[in-house]
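I'd like to ask some things about the structure below.
The values are calculated or read from the model by the stated rules, or taken from the named source; none is laboratory data. A quick note: this is a predicted structure, and the numbers were derived from the prediction, not measured. Reconstructed Cβ throughout: ideal geometry from the backbone, glycine too, with neighbour counts over all protein chains shown.
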Amino acid sequence: MGRRERKASDRIAWSRYVGNLRQVLGHARPYLKPIVIGFLLMSVQSAFSLGRLLMVLPIVTRVLDAETTLARADPEELSDNDRKARAVLDTARSSGGAASALLDDAVSAANEWTGHLVRDSWLPDVPTTWDEVSEGLQRRSDPRDTPEERLAKAQRAAELERASYRDRYATLITVFLAFVLFTALMAAATYGEAWFSAWAQHQIVMDVREKMCRKLLDQPIGFFDRQPRGELVQRSLGDVGGYTTALQVMLSTLPKSAIEVGTLAVAMTLLSPKLMLLCLLGLPFLGPMRSLSRRTLKRAHRRQQEGVRLVESLLQIFSGIRTVKAYHSEEARARDFRATDEQVTKQSMRLVRTKATAAALVDFINNFLAMLLAVGGGFLILRGVLTVTPGELLVFMALAAQMYQPIKRLVRQNNVLLENMASIERATEYLDLPASPPDPADAIAFEGLRDGLRFEDVAFQYESDRPVLRGVSFEIPRGHTVALVGPSGAGKSTICDLVLRFYEPGSGRLLVDGRPIQSWKRSTYLARTAIVTQTPFLFHASIRDNLLEGRPGATQEQVEAAAKAAFIHDFVASQPAGYDEVVGEDGVRLSGGQRQRLTIARALLRDPDILVLDEATASLDTASERAVQDALEVLREGRTTLVVAHRLSTIRSADLILVLDEGRIVERGTHDELVAQGGVYADLVHLQDVRA
């Protein structure tokens, strides 16, 4: 890839990255108030931290300067105050006696206070310079004093010292209580920030999941025909999980690290602006981070794609577990899963290498800055360019080292954000899907079928070029039954899908009570329809909940009446929990006939005007078929019914039988008429040995 193409690719990737961030923040808009509160509490924490740092820095700097100048300096290089203090100390110690011991105690106490709590603004009576120490010692030791006078002065000094200590202790207690209050406020701010941020994050993710669910449910049936189940599951759950991580980074960890870096930067700038400028020399080394970010984003996308394949592989295994067990193909399925997992691992390791490179670059910059501050700062101090003390230089280096951890977290969190951008982008593609076309503005509510259904020269095709229906025309009067017969792929199920409004006709018209089907409000029309398919679907719920899917507001009496009409009530009553018995996923705890009769009961409870039976008995044995057929006869009574038949014995009583082949109606008539014609239908009857 050339330089121009690479720049164009970078711009596109950056634009997508910013767009995804805006998408995430857009979902956060309804929860702006708790987010702002969280940020305010985070700012309070930072203000406390900065204040504590600014109070401690002068103390630490002064201690370090005292250590480096007084402890290691040559006596000839000491200041006048320092030499004066040492001379007084030597004189006091050489005089011996109680005064000498008292002076030693005083010096020890002064040194202790000076070395650890050096600020006279906190402890006003504590000596803070060697000059003050010297004056104090001279006041307490005069060579002309007699031993009695020295003893009296020593006693007086001891009393003053005790009084001074009491004042100092009171000051210390005040400072201690202030720090306790300070710490309690910081803890409260930390708790509040964590709670508000987490609450907002969970609410946002919950909203995104709900929007995703509603968006998918609003898609036409053709969307689900095109999408693998693994893709749907991964994007709906796994990729939406990327919002959780991204929000945590954007609303909590990233701002915290950024504020921590900013706090330390302010402290370092106040300590030495010139040294802070010296640190900025490490910024050019951050240039490769952009390329690494682009690579992280690309490799995260590839890993997501491989992850979808892994989910699809597992779903196929679990969906076909009975086939896998029956053919003893566990080892083959495991090998296929391993091969897919190896591709996921390969992409994951590529992503790890990219992130490790970024971490190594941050380590290099940190070590480079440490060397630059130690060598360059020392050199500039010796040349007189910088007017900082050794203590200030050491404190500045310590702050720079402390800044390394939040910077490293920023880089790591940026990688996490980039890694989750792939998931967010995939989830966003679903969230931005166009909704199903709304009803026309002049659509009217469907209150029940009065006349019937009529197909007028209807044609239809899926995304492939081959038409599925070609000029189909027929009518289903109200209360009549029309059966569809023909080989696989003839268009039988497509006609059912058009009646149920899963698809719209490509050309021609489908009329309901003389009006185009699109002129009726979809929700009210579908409320008057029901379907029983070859493979009945039951939710992993109780029998009652599965039946109420057809009519949520039905009473228990209505539920039992529908079950009795479908000849399934006695079975339900024999279960330990009755209608509260859980049927298992896909009704796995029931037989095929029992599942089918439950779906018939569900359709009966719905009390539809238009009924679609799509090979409802094709997968049943003879005994089960007979029981289900009896239930179907009850269900069809008085209803406009469209039947797709595999077993011709089930449609002998149909008012009209249509024989389809390659999307066209090749024969039509009653059972007896078609048998008499001796055409395609008669051949099918002969093959199934059906007696006329």
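Go through (1) in contact (Cβ under 8 Å) with a residue 60 or more places away in the chain; (2) surrounded by 13 or more Cβ atoms within 10 Å (Cβ to Cβ); (3) not small (Gly, Ala, Ser) for Gln343 and report which single condition fails.
Only one criterion is unmet by Gln343, namely (1).
Against the condition within 29 Å of the chain's Cα centre (by Cα) and within 30 Å of Leu280 (Cα to Cα), how does Arg353 come out, does it pass?
Judged against the criteria, Arg353 is a match.
I've got another one for you. Test Ser313 against the criterion of being small (Gly, Ala, Ser), at pLDDT 65 or above and within 34 Å of the chain's Cα centre (by Cα), and give yes or no. Don't jump to the end; show me each part of the working.
On the way: small (Gly, Ala, Ser): yes; at pLDDT 65 or above: yes; within 34 Å of the chain's Cα centre (by Cα): yes.
Here the answer is yes, as Ser313 does meet what is asked.
Only one of these conditions is not met by Gly479: (1) outside any loop (DSSP other than H, G, I, E, B); (2) more than 21 Å from Asp225 (Cβ to Cβ). Which number is it?
(1)
Restricting attention to region 627-680, which residues are over 30 Å from Ala565 (Cα atoms) and of a type in the set (Asp, Glu)?
Residues satisfying the conditions are Asp661, Glu662, Glu667, Glu673.
Any chance region 585-596 includes a residue that's under 21 Å from Asp609 (Cα atoms), assigned to a helix (DSSP H, G or I) and at pLDDT below 90? Break it down into steps so the answer makes sense when it comes.
The first filter runs over region 585-596 and keeps only residues under 21 Å from Asp609 (Cα atoms), leaving 596.
Imposing the further condition that a residue be assigned to a helix (DSSP H, G or I) reduces the set to 596.
Pick out the ones that are also at pLDDT below 90 and you get 596.
Yes, some residue in region 585-596 is under 21 Å from Asp609 (Cα atoms), assigned to a helix (DSSP H, G or I) and at pLDDT below 90.
Now for a different question. Regarding region 558-577, can at least one residue be identified that is touching a Ser or Thr at 6+ places or on another chain (Cβ under 8 Å) and surrounded by fewer than 14 Cβ atoms within 10 Å (Cβ to Cβ)?
Just the residues of region 558-577 that are touching a Ser or Thr at 6+ places or on another chain (Cβ under 8 Å), to begin with: 577.
Of the ones still in play, those that are also surrounded by fewer than 14 Cβ atoms within 10 Å (Cβ to Cβ) are 577.
Yes, there is a match, as at least one residue in region 558-577 is touching a Ser or Thr at 6+ places or on another chain (Cβ under 8 Å) and surrounded by fewer than 14 Cβ atoms within 10 Å (Cβ to Cβ).
Hey, could you check region 578-597 for residues that are small (Gly, Ala, Ser) and surrounded by fewer than 19 Cβ atoms within 10 Å (Cβ to Cβ) and say which is nearest to Ser319 (Cα to Cα)? Break it down stepwise before answering.
As a first pass, look at region 578-597 and keep what is small (Gly, Ala, Ser): 578, 584, 587, 591-593.
Restricting the remaining residues to those that are surrounded by fewer than 19 Cβ atoms within 10 Å (Cβ to Cβ) gives 578, 584, 591-592.
Details: Gly578: 28, Gly584: 14, Ser591: 18, Gly592: 17 Å.
Only one residue fits best here, namely Gly584.
Could you tell me which numbered condition Glu475 fails, if it satisfies all but one of (1) of a type in the set (Asp, Glu); (2) free of Cβ contacts under 8 Å to residues at least 60 places away in the same chain; (3) surrounded by 15 or more Cβ atoms within 10 Å (Cβ to Cβ)?
Failed condition: (3).
If I filter region 203-221 down to residues being surrounded by fewer than 14 Cβ atoms within 10 Å (Cβ to Cβ) and touching a residue at least 40 places away in the same chain (Cβ under 8 Å), which single residue comes out as nearest to Pro437 (Cα to Cα)?
Here is the first cut: in region 203-221, the residues surrounded by fewer than 14 Cβ atoms within 10 Å (Cβ to Cβ) are 206, 210, 213-214, 217-218, 221.
When the remaining residues are screened for being touching a residue at least 40 places away in the same chain (Cβ under 8 Å), the result is 218, 221.
Working: Asp218: 10, Ile221: 13 Å.
Only one residue tops the list, namely Asp218.
Another one. May I ask you to verify whether Ser473 is part of a helix (DSSP H, G or I) and either at pLDDT below 95 or of a type outside the set (Lys, Arg) (or both)?
On the way: part of a helix (DSSP H, G or I): no; either at pLDDT below 95 or of a type outside the set (Lys, Arg) (or both): yes.
No.
When His328 is evaluated against the numbered criteria (1) in a helix (DSSP H, G or I); (2) over 36 Å from the mean Cα position of the chain (by Cα); (3) closer than 30 Å to Phe318 by Cβ; (4) not small (Gly, Ala, Ser), which criterion, by number, is the only one it fails?
(1)
So which of Leu484, Leu418, Leu498 is touching a residue at least 24 places away in the same chain (Cβ under 8 Å) and in a strand (DSSP E or B)?
Result: Leu484 is the single residue among Leu484, Leu418, Leu498 that is touching a residue at least 24 places away in the same chain (Cβ under 8 Å) and in a strand (DSSP E or B).
Tell me, which residue of region 378-410 that is assigned to a helix (DSSP H, G or I) and in contact with a Lys or Arg (Cβ under 9 Å, 6 or more places away or on another chain) is modelled with the highest pLDDT? Write out each step before concluding.
Going residue by residue through region 378-410, those that are assigned to a helix (DSSP H, G or I) are 378-382, 390-410.
Now narrow it down to the ones that are in contact with a Lys or Arg (Cβ under 9 Å, 6 or more places away or on another chain): 380, 391, 406, 409.
Numbers: Leu380: 73, Gly391: 71, Pro406: 83, Arg409: 80.
Top of the filtered list is Pro406.
Quick grid of which residues meet (1) within 22 Å of Lys564 (Cα to Cα); (2) within 39 Å of the chain's Cα centre (by Cα); (3) in contact (Cβ under 8 Å) with a residue 12 or more places away in the chain; (4) not in a loop (DSSP other than H, G, I, E, B):
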| position | (1), (2), (3), (4) |
| --- | --- |
| Pro505 | no, no, yes, no |
| Leu510 | no, no, yes, yes |
| Thr524 | no, yes, yes, yes |
| Leu538 | yes, yes, yes, no |
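Then there is this: Here are some conditions: (1) at pLDDT below 75; (2) surrounded by 16 or more Cβ atoms within 10 Å (Cβ to Cβ); (3) closer than 26 Å to Lys211 by Cα. Ser15 meets all but one. Which one does it not meet?
(2)
For region 633-692, which positions are part of a strand (DSSP E or B) and polar (S, T, N, Q)? Break it down into steps so the answer makes sense when it comes.
First, pick out the residues of region 633-692 that are part of a strand (DSSP E or B): 640-644, 656-661, 664-669.
Hits for region 633-692 are Thr640, Thr641.
Residue under question is Thr617, and the condition is that it be within 30 Å of Arg450 (Cα to Cα) and either in a helix (DSSP H, G or I) or within 40 Å of the chain's Cα centre (by Cα) (or both); does it hold? Spell out how you get there, then give the answer.
On the way: within 30 Å of Arg450 (Cα to Cα): yes; either in a helix (DSSP H, G or I) or within 40 Å of the chain's Cα centre (by Cα) (or both): no.
For Thr617, the condition - within 30 Å of Arg450 (Cα to Cα) and either in a helix (DSSP H, G or I) or within 40 Å of the chain's Cα centre (by Cα) (or both) - is not met.
Let me ask you something else. Determine, yes or no, whether Leu469 is more than 20 Å from Leu660 (Cα to Cα) and crowded, with 16+ Cβ neighbours inside 10 Å. Outline the logic, then answer.
Working: more than 20 Å from Leu660 (Cα to Cα): no; crowded, with 16+ Cβ neighbours inside 10 Å: yes.
When the stated conditions are applied, Leu469 does not pass them.
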